[in-house]
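Only the coordinates and a few stated rules stand behind these numbers; no lab work does. No experiment lies behind these values; they were computed from the predicted model shown. Ideal geometry is used to build each Cβ from the backbone, glycine not excepted, and the neighbour counts take in all protein chains shown.
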Amino acid sequence: MAVSADMIITNGRIISMDPAKPHAQAIAIAKGRILAVGTNSEIAAYQTSETQVIDAAGATVTPGINESHIHIFGGSAELDQLSLFEVKGYDAMKSAILAYAQSRPSDPLLMANTCDYTILGEGRAIDRHVLDSILPDRPLALMSPDHHTVWANTIALTKAGLLGGRKLPPGNEIVMGEDGLAQGELREHYAFDDVIALGLNAGRDMLGLSTGDEPQHVSEAERAFDRNLLKRGLQHLAAHGITSFQNMDGNRYQLELLSEIQAEGELLCRGRVPLHYVSGDIIEQMDKAAQMHAEFSGEWLNSGTVKVFMDGVLDSHTALMYDDYDDRPGWKGEARFDQQTFDRICIEADKRGLQIAVHAIGDGAVSCVLDGYAAARAANGARDSRHRIEHIEVVRWGDLDRMRELKTIASMQPTVPPGQMGLPLEPTLSRIGAQNWDRSYAWRAIRDAKIDLIFSTDWPVSPVSPILSMHSAMTRKPWRSDLPDNRQTLMEALDAYTVRGAYAEFADGWKGTLKAGFAADIVVWDQDMESLDPDAIVGVAPRYTICAGRITYAA
């Protein structure tokens, strides 16, 4: 008699991502692991009267989705905030904000997200005066979709101590008006952190992203508030088929909160949380990251990555370009670190066996990051480091060769190219310049260069749905007829969300594939994906999300 299964999934069109057995009908699960993958009749041998049976009814079954670049704390907080996604024009914006303000009479800061740079129409910028005309007597802040710009009204700027301006580190800017006062546009975290800190949880959800520091003097009630935020976020992930997430901001506080949730039995997804290095003593901070890695190294919660920002974003001219911006001659953007300092960060992190993941959007930033990774290899010797570059929105062709040679992982988001997911083409296309469009969001060239490619959404920058992301990857049209076709196949998109996602966190030996001995992290979808046209993928949804053999979401 075969070992009995706790759960069996039968009648599925299983895409296992295992080259040895790419397709199957059924899976047997016991003690959180996969017992066997095979035909209905083969797997029936594992069934007893105690076995839970899920009939997939001919729909696709895949490994659980590994979301390899999100911001779990901020995304969880934003589930409760106003979204201005696809809101266009002053009147619509005003109506949405006033209705939200009325529904939240006691909030110390009214926060709206996904506010497009061109929400007011071409050539009309948001400033504090526009926001004062909507809501003059309560602090109000609008966050751009990329989360690199905030617009605030006068009372918010005043309460945050920013109305008169302030000296900031490179790459951050409080845009000043001719009257010597802040206009209301705040570019990058050091410019807007104090506005965010006016909010309900005093900006604790953004601390891992802004400074990487720990919150001070958190009461038990505040800690419980933060845990509940994260629990709601974890439910949101599970509802989209996600069984693992890799956070791209972090501090010890987030790991502790998730650990407390795990102790309560409510950790629905496996999580990897880095230390975000922004400033401070490099040795001290890398020692802290190494300590976090030593303490958190389990299958449910782990650390071991250092996250760094090298630049900002294209739309606010804060991404670091190799040549001048096409629409701003004489300006390339600013690096967050000089090369010598960045090299030292890489060398010290790499020396401790830590993975490095760097936000680099412009082709100038990508080059700087590769210089740092090369410096780490020269200082410490080659190893299986799996260092990553996040976003890579524009890349120089020669740097693809360097990425392959340095075995750098390309971590990219199918939801963010201009024209995808409702995003406008401008101002981004003008920032990049037509001569560089072929090198932008270059998924196909990166794949062809034999570079490991992982997909994600950067939630809450984009909706966390892997289906929307895969749909975007499979249907993206070139901006001009002579540009490369970057569309991905279903199998390529799934690979980037499962096998490759597990590889990126050193977990490819036990998850990301449906085969015996591997983690029972599985999604039972509601349709047969392989029979659908790429355009129709957008209508697919999870029926069941299963993590470690436990149903974490049922439709």
Inset, instruction - When a/c is below 1.5 the answer is rounded, else prolate if a/b is larger than b/c, else oblate, so apply that to region 397-549 with a ≥ b ≥ c taken from the square roots of the Cα gyration tensor eigenvalues. - result: oblate
Legend entry - Student exercise, region 435-555 dipole from Lys, Arg, Asp, Glu Cβ charges, in Debye to nearest 20: 160
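In debye, nearest 20, what is the charge dipole magnitude of region 78-205 about its Cα centre with +1 on Lys and Arg Cβ and -1 on Asp and Glu Cβ, if you could check?
260
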Legend entry - Two-decimal Rg/Rh across region 28-122, once Rg and the Kirkwood Rh are taken from alpha-carbon atoms: 1.29
Inset, instruction - Work out the charge dipole of the chain with +1 on the Cβ of Lys and Arg and -1 on the Cβ of Asp and Glu about the Cα centre, then indicate which of Thr513, Ala152, Ala197 is farthest towards its positive end. - result: Thr513
Inset, instruction - At 7 Å along the Cα-to-beta-carbon direction for both Lys21 and Ile283, put a label point, then send me their distance in nm to one decimal. - result: 5.3
Inset, instruction - Treating the angle as unsigned and between 0 and 90°, give the value, to the nearest 10°, between the Cα long axis of helix 282-295 and the longest Cα principal axis of the chain. - result: 30
Inset, instruction - Classify the chain as rounded, prolate or oblate, taking a ≥ b ≥ c as the square roots of the eigenvalues of its Cα gyration tensor: rounded when a/c is under 1.5, otherwise prolate if a/b is larger than b/c and oblate if not. - result: prolate
Inset, instruction - Pick out, from Met93, Leu79, Ile134, the residue whose Cα sits farthest towards the positive end of the charge dipole of region 78-205, with +1 on the Cβ of Lys and Arg and -1 on the Cβ of Asp and Glu. - result: Ile134
Inset, instruction - Round to a whole angstrom and tell me the spacing of the C-alpha centers of region 259-313 and region 497-555. - result: 24
Legend entry - Spin-label model distance (nm) - Leu79 vs Ala516, 7 Å beyond Cα toward Cβ: 3.9
Inset, instruction - Name the longest site-free stretch of the chain, where the excluded sites are GluC sites (Glu not before Pro) in a DSSP loop with no more than 12 other beta-carbon atoms within 10 Å. - result: 265-555
Inset, instruction - Just the number, please: percent antiparallel of the DSSP beta bridges in region 78-205, rounded to the nearest 5. - result: 65
Inset, instruction - Could you pull out every residue, at least 5 positions away or on a different chain, whose amide H is within less than 5 Å of the one on His69? Hs are placed 1.01 Å off N in the peptide plane, and Pro or chain starts have none. - result: Gln246, Thr457, Asp458
Legend entry - Dipole magnitude (debye, nearest 20) for region 218-373, charges at Cβ of Lys, Arg, Asp, Glu: 500
Legend entry - Dipole-positive endmost among Met286, Ala375, Ala493 within the chain (Cβ charges, Cα centre): Ala493
Inset, instruction - Rounded to whole Hz and in sequence order, give me ³J(HN,Hα) for region 236-246 from the Karplus expression 6.51 cos²θ - 1.76 cosθ + 1.60, θ = phi - 60°, writing x for Gly and Pro. - result: 5, 5, 4, 5, 10, x, 8, 10, 9, 10, 10
Legend entry - Within the chain, percent of DSSP bridges classed antiparallel, to nearest 5: 50
Legend entry - 5 angstrom amide H check on Asn153, placed H, neighbours 5+ away: Leu140
Inset, instruction - Provide the per-residue ³J(HN,Hα) series for region 192-208, in order, calculated from phi with Karplus coefficients 6.51, -1.76, 1.60 and θ = phi - 60°, each as a whole number of Hz, with x at glycine and proline positions. - result: 10, 3, 6, 6, 4, 5, 6, x, 4, 10, 6, x, 5, 5, 9, 5, x
Inset, instruction - Specify the angular offset, from 0 to 90 degrees and rounded to the nearest 10, of the alpha carbon long axis of helix 363-380 from the longest principal axis of the alpha carbons in the chain. - result: 60
Inset, instruction - Assign one of three labels to region 78-205, namely rounded, prolate or oblate, based on the Cα gyration tensor with a ≥ b ≥ c the square roots of its eigenvalues; rounded applies when a/c is under 1.5, prolate when it is not and a/b is larger than b/c, and oblate otherwise. - result: rounded
Inset, instruction - On a C-alpha basis, how far is the centre of region 80-108 from the centre of region 15-59 in Å? Whole number, if you could? - result: 47
